[in-house]
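Below: the structure, in structure tokens.
The values are calculated or read from the model by the stated rules, or taken from the named source; none is laboratory data. Note that the structure is predicted; figures quoted are calculated from it, not measured. Note that we place each Cβ from the backbone using ideal geometry, even for glycine, and neighbour counts take in every protein chain shown. For accessibility, only protein heavy atoms count, side chains too; no ligands or nucleic acids. Shrake-Rupley method; radii C 1.70, N 1.55, O 1.52, S 1.80 Å.
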Amino acid sequence: MAREYNPKEIEKKWQDIWDKEEPFKAEIDRSKPKYYTLVEFPYPSGEGLHVGHPRPYTAMDIIARKRRMEGYNVLFAMGWDAFGLPTENYAIKNKIHPKIVTEKNVARFKAQLKSLGYSFDWSREINTTDPEYYKWTQWIFLKLFEKGLAYKAEMPINWCTQCKVGLANEEVVNGVCERCGGQVVRKVKKQWMLKITDYAEKLLNDLDKVDYTEKIKTQQRNWIGRSEGAEVDFKIKGTDECLRVFTTRPDTLFGATYMVVSPEHPIIDKYKDKIKNYEEIQKYKQEASKKSDFERTELVKEKTGVELKGLKAINPVSQKEIPIWISDYVLMSYGTGAIMAVPAHDERDWEFAKKFNLPIIEVVKGGNVNEAAFTDTESGILVNSDFLNGMEVSDAKKKMIAWLEEKGIGKKKVNYKLRDWVFSRQRYWGEPIPLVYCEKCGWVPVPESELPVTLPDVENYMPTDTGESPLSNIKDWVETTCPKCGGKATRETDTMPQWAGSSWYFLRFTDPHNNKAFASKEAIDYWMPVDWYNGGMEHTTLHLLYSRFWHKFLYDIGCVSMPEPYVKRTSHGMILGKNNEKMSKSRGNVINPDDIVNEFGADTLRTYEMFIGAFDQSAPWSQQGVKGCRRFLDRVWRLMDIVVDGDSYSNELETKMHQTIKKVSLDFEQMKFNTAIAAMMSLVNDFYAVQKINKAELKTFLILLNPVAPHITEEMWQELGFEGRLYNQKWPKWIEEKTVENTVEIAIQINGKVRSTVSISIDDDKATVKEKVMSNEVIKKNIEGKSIVKEIYIPGKIYNIVVK
RNA sequence: GCGGGUGUGGCGGAAUUGGCAGACGCGCUAGAUUCAGGUUCUAGUGGGAAACUAUGCAGGUUCAAAUCCUGUCACCCGCACCA
């Protein structure tokens with residue numbers, strides 16, 4: 001009898017051996033093909049690891065371990081995305097420096113991850129808060145600044161009243177702060193912005209070049225939100241000015257019966273004197289400014305607005321005079337902040353026109369514009385539109401654009417929903433933006449030789465009530481000299497958002513200790529691009545887009561040699577609490593992976609997380625399910641009691657062995673870990689059914705299971721006296737012909753209903769099978785006295801007899 | 001509202017170039033081992049006494065449908081007045 005399976009003991013043992021022997025250390029080796037597997041590096045929160053973390057990590061660890069056994073040189077590394085609000089908030093509350101908090105959290109996370117036996121190359125560990133790391137984050141920012149892709153703009157930003165910090169649009173979820181749930185209002189601030197919109201087209205088009213799941217591509221496309229249309233200038237009556245609008249329906253220009261501008265539109269102040277109801281307008285503006293974008297666009301169902309009395313526009317095609325309104329359903333941040341309203345063919349305009357009694361002119365036939373807006377763009381013939389009459393919508397669009405361009409009052413235009421990236425945070429715990437402001441020279445970059453601009457040590461990192469960064473209180477840090485003229489200058493006190501460090505970390509992994517460049521050309525050329533990147537659905541818009549943007553920029557300036565950073569991107573589902581609800585502290589349903597490791601072992605946790613369900617779908621946690629996986633590993637362990645000699649697969653198990661190798665190999669590639677494990681469980685059941693397993697079979701089995709449960713398999717390998725280490729064995733191959741059983745049982749159906757089964761040889765031809773079928777007693781009885789209409793034989797599957 | 005997804009035993013889930021629905025695991029039932037067992041082993045386990053009947057619901061195509069088509073309901077996720 002073998003000793004008892006004791007995961008506590010053997011897991012620690014092997015983790016120590018891996019630390020010492022460093023088998024997962026990745027070095028450039030041109031004799032092998034490289035493979036770069038990547039998981040999202042975590043934010044080391046104070047709560048420690050969550051059971052959600054090991055799901056993607058184990059999945060990619062399986063891929064990494066399998067790839068190594070297939071002969072690849074694998075890069076798989078881990079690090080810490082450690083800047084961020086929770087750490088800073090904790091630091092403020094407990095009066096501990098965020099650096100100390102971070103160190104503590106990282107130590108905890110690292111110990112937890114180590115206890116799970118991942119094959120990370122720990123010598124490549126990185127930390128975004130390390131000055132040696134953020135030096136290069138700052139360096140990339142300066143390159144962006146140099147190329148004019150970073151600029152400061154006065155922006156109405158989302159202001160979280162609780163965190164006292166500006167948020168990007170994307171960080172506002174349902175009108176509240178994504179992090180703290182606090183109320184978000186609009187506030188105007190000077191912000192550093194990154195011109196991601198310059199890359200909108202490339203970010204969109206290059207999605208065709210990469211292997212992301214369709215779901216992910218769709219989300220990226222939606223977020224970029226490309227729409228084609230035209231810009232059209234409307235003359236403002238009695239002035240030389242034009243009001244420019246963006247429209248996707250230039251064909252409906254004859255139906256434009258009024259215009260609407262956003263409350264922030266500059267035209268209002270410009271023609272202050274002409275507007276007769278200026279006070280009323282001011283009042284409306286003030287109310288609108290109190291609302292967040294969310295409230296303006298979400299909560300207010302009923303359209304509101306005020307006419308700009310005294311101002312009129314001229315419809316450029318009909319020459320008719322039309323009124324101009326302001327309304328908060330028009331956003332300054334999209335298009336030109338002004339629209340032409342075609343109530344007959346736009347639902348929002350139609351609603352607005354009905355409410356304020358504005359004229360509705362039908363210009364596309366097909367609906368009843370008194371009842372509802374007719375918005376079909378596929379079909380429909382133009383009417384009431386002079387030179388467009390009788391044309392199809394699509395032709396009319398082209399014709400109108402040509403006409404506008406000829407007259408010089410409009411042009412074809414592509415717009416994107418994607419907006420520039422608000423890159424400033426008024427916070428302490430982030431990368432300082434490496435710029436100084438000089439009265440004479442303006443914004444001047446800190447010279448490369450002086451990077452990194454480090455965070456000063458301070459007593460107090462409380463945010464200021466004015467919305468300035470805590471850094472602004474530190475005089476001797478803020479006051480500096482201008483690198484250009486040597487005069488007095490002040491440092492930028494805003495810091496970068498958390499997205500910054502994670503926008504290029506995958507590049508740093510290729511060469512993490514380089515102090516001459518963010519990574520050497522050699523390392524980048526060898527390791528990049530990332531072959532397989534798995535992460536959460538919650539990061540498939542922002543992080544993925546931002547990091548693709550930075551990478552494309554680095555490509556354009558010649559720092560990397562491929563336009564896309566990730567060849568393949570997949571995503572995992574969430575792990576939920578018992579009752580299918582999100583795990584959260586407030587619900588009290590959080591499972592701590594440490595407890596599972598302590599009670600059952602890391603291999604059990606890993607196996608369970610992979611067995612829990614389809615990888616890309618969310619799945620509820622079940623303590624019973626964990627037990628089942630432990631039971632499986634116990635059974636695997638006890639295989640040592642029934643092992644016999646043999647250096648090739650036994651006759652009775654040969655087919656099953658080849659089937660399992662095939663199933664596991666292919667399922668791992670498709671991230672169908674649950675069915676791969678099921679196949680291995682089934683194989684183990686067979687070993688017990690025949691009450692023996694020979695060494696050849698056991699070797700193969702241990703290799704197959706090793707990526708999932710690396711400790712127990714490695715221990716058994718050693719215990720059984722097999723040569724070398726399991727982790728550098730070769731991945732087994734299957735022989736296709738040997739995956740097929742010689743004899744199979746097929747179903748016999750009468751009129752599509754299974755009546756009996758029959759055993760046939762795989763080589764039997766139809767006639768032979770028919771003979772066997774027809775001599776079956778049950779079938780004989782069933783077709784007695786009936787006439788056979790048709791017989792269908794699907795080789796090796798089914799024999800169906802249609803009778804009357 | 002738009003986009004994407006999911007509905008299968010008591011539970012997690014398998015099976016989709018249409019071909020024996022319920023693999024694998026949990027739970028449950030019975031028996032064996034055990035001083036004992038939250039251990040292990042053996043057998044059984046969708047419903048129904050049975051004919052039969054079962055993949056959210058209603059139709060359709062087919063020799064054959066969880067899988068294809070039409071309609072419909074429910075839930076989840078993302079986006080949300082983007083002109």
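Go over the candidates A:Lys568, A:Lys578 one by one and state the one that is open to solvent by 50 Å² or more (accessible area, probe 1.4 Å) and either away from RNA strand B (no atom under 11 Å from the Cβ) or over 22 Å from the mean Cα position of the chain (by Cα) (or both). Let's see the steps before the verdict.
Numbers: A:Lys568 fails: open to solvent by 50 Å² or more (accessible area, probe 1.4 Å).
None of the others qualify; the one that does is A:Lys578.
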Count of residues meeting criterion [open to solvent by less than 40 Å² (accessible area, probe 1.4 Å) and either of a type in the set (Asp, Glu) or over 19 Å from A:Glu745 (Cβ atoms) (or both)] in segment A:767-804: 2
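Does A:Glu9 meet the test of being in a loop (DSSP other than H, G, I, E, B) and either open to solvent by 10 Å² or more (accessible area, probe 1.4 Å) or not assigned by TED's automatic domain parsing to the domain that holds A:Ile642 (or both)? Don't jump to the end; show me each part of the working.
Numbers: in a loop (DSSP other than H, G, I, E, B): no; either open to solvent by 10 Å² or more (accessible area, probe 1.4 Å) or not assigned by TED's automatic domain parsing to the domain that holds A:Ile642 (or both): yes.
Against the criterion (in a loop (DSSP other than H, G, I, E, B) and either open to solvent by 10 Å² or more (accessible area, probe 1.4 Å) or not assigned by TED's automatic domain parsing to the domain that holds A:Ile642 (or both)), A:Glu9 does not qualify.
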Residue under evaluation A:Pro512, criteria (1) in contact with a helix residue (DSSP H, G or I) (Cβ under 6 Å, 6 or more places away or on another chain); (2) in the same structural domain as A:Ser318 (by TED's automatic domain parsing), criterion not met: (2)
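If the requirement is being in contact with a strand residue (DSSP E or B) (Cβ under 7 Å, 6 or more places away or on another chain) and closer than 21 Å to A:Ala150 by Cα, which of these qualifies: A:Thr495, A:Thr540? First the steps, then the outcome.
Numbers: A:Thr540 fails: closer than 21 Å to A:Ala150 by Cα.
Result of the check over A:Thr495, A:Thr540: A:Thr495.
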Enumeration of residues in segment A:339-359 that are away from RNA strand B (no atom under 12 Å from the Cβ), more than 14 Å from A:Pro323 (Cβ to Cβ) and part of a loop (DSSP other than H, G, I, E, B): none
Verdict on A:Lys114 being farther than 23 Å from A:Arg569 by Cβ, of a type in the set (Lys, Arg), at pLDDT 95 or above and surrounded by fewer than 20 Cβ atoms within 10 Å (Cβ to Cβ): yes
Hits in segment A:209-236 - residues which are within 30 Å of A:Ala313 (Cβ to Cβ), near RNA strand B (Cβ under 10 Å from one of its atoms) and among the aliphatic types (A, V, I, L, M): A:Ala230, A:Val232
Pairs with Cβ under 9 Å, 6+ apart, first in segment A:327-349 and free of Cβ contacts under 8 Å to residues at least 60 places away in the same chain and open to solvent by 30 Å² or more (accessible area, probe 1.4 Å), second more than 7 Å from RNA strand B (Cβ to nearest atom) and not basic (Lys, Arg): A:Glu347/A:Ala372; A:Glu347/A:Ala373; A:Glu347/A:Thr375; A:Arg348/A:Ala341; A:Arg348/A:Ala373
Residue check, A:Ala150 at pLDDT 75 or above and closer than 22 Å to A:Ser333 by Cβ: yes
Filter result for A:Val626 (over 30 Å from A:Asn694 (Cβ atoms), open to solvent by 10 Å² or more (accessible area, probe 1.4 Å), outside any loop (DSSP other than H, G, I, E, B) and touching a helix residue (DSSP H, G or I) at 6+ places or on another chain (Cβ under 8 Å)): no
Odd one out for A:Gly721 among (1) more than 11 Å from RNA strand B (Cβ to nearest atom); (2) farther than 30 Å from A:Thr213 by Cβ; (3) in contact with a helix residue (DSSP H, G or I) (Cβ under 9 Å, 6 or more places away or on another chain): (3)
The one condition in (1) charged (D, E, K, R); (2) open to solvent by 70 Å² or more (accessible area, probe 1.4 Å); (3) within 27 Å of A:Asn598 (Cβ to Cβ); (4) within 30 Å of the chain's Cα centre (by Cα) that A:Glu40 fails to fulfil: (2)
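Which fully enclosed strands (runs of 3 or more DSSP E) of segment A:451-546 have 1 or more residues being surrounded by 22 or more Cβ atoms within 10 Å (Cβ to Cβ)? Talk me through it step by step, then tell me what you get.
Values: elements: A:479-481, A:488-491, A:532-536.
Here the list reads A:488-491, A:532-536.
Among residues belonging to segment A:599-619 that are in contact (Cβ under 8 Å) with a residue 12 or more places away in the chain and open to solvent by 50 Å² or more (accessible area, probe 1.4 Å), point out the one that is farthest from RNA strand B (Cβ to nearest atom).
Filtering segment A:599-619 down to residues in contact (Cβ under 8 Å) with a residue 12 or more places away in the chain leaves A:600-619.
Within this subset, residues satisfying the condition of being open to solvent by 50 Å² or more (accessible area, probe 1.4 Å) are A:611, A:616-618.
Working: A:Phe611: 7, A:Asp616: 9, A:Gln617: 6, A:Ser618: 7 Å.
So, considering only residues that are in contact (Cβ under 8 Å) with a residue 12 or more places away in the chain and open to solvent by 50 Å² or more (accessible area, probe 1.4 Å), the one farthest from RNA strand B (Cβ to nearest atom) is A:Asp616.
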Single condition A:Asp634 does not satisfy, out of (1) more than 22 Å from A:Ile63 (Cα to Cα); (2) near RNA strand B (Cβ under 9 Å from one of its atoms); (3) open to solvent by 50 Å² or more (accessible area, probe 1.4 Å): (3)
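Scan segment A:387-407 for residues that are part of a loop (DSSP other than H, G, I, E, B) and either open to solvent by 60 Å² or more (accessible area, probe 1.4 Å) or under 29 Å from A:Asn222 (Cβ atoms) (or both) and jot them down. Show your work before the answer.
First, pick out the residues of segment A:387-407 that are part of a loop (DSSP other than H, G, I, E, B): A:389-391.
Residue satisfying the conditions is A:Asn389 alone.
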Cross-chain or 6+ apart pairs with Cβ under 8 Å, segment A:351-370 first and without any contact (Cβ under 8 Å) to a residue 40 or more places away in the chain and within 18 Å of A:Leu388 (Cβ to Cβ), then surrounded by fewer than 15 Cβ atoms within 10 Å (Cβ to Cβ) and polar (S, T, N, Q): A:Gly366/A:Ser379
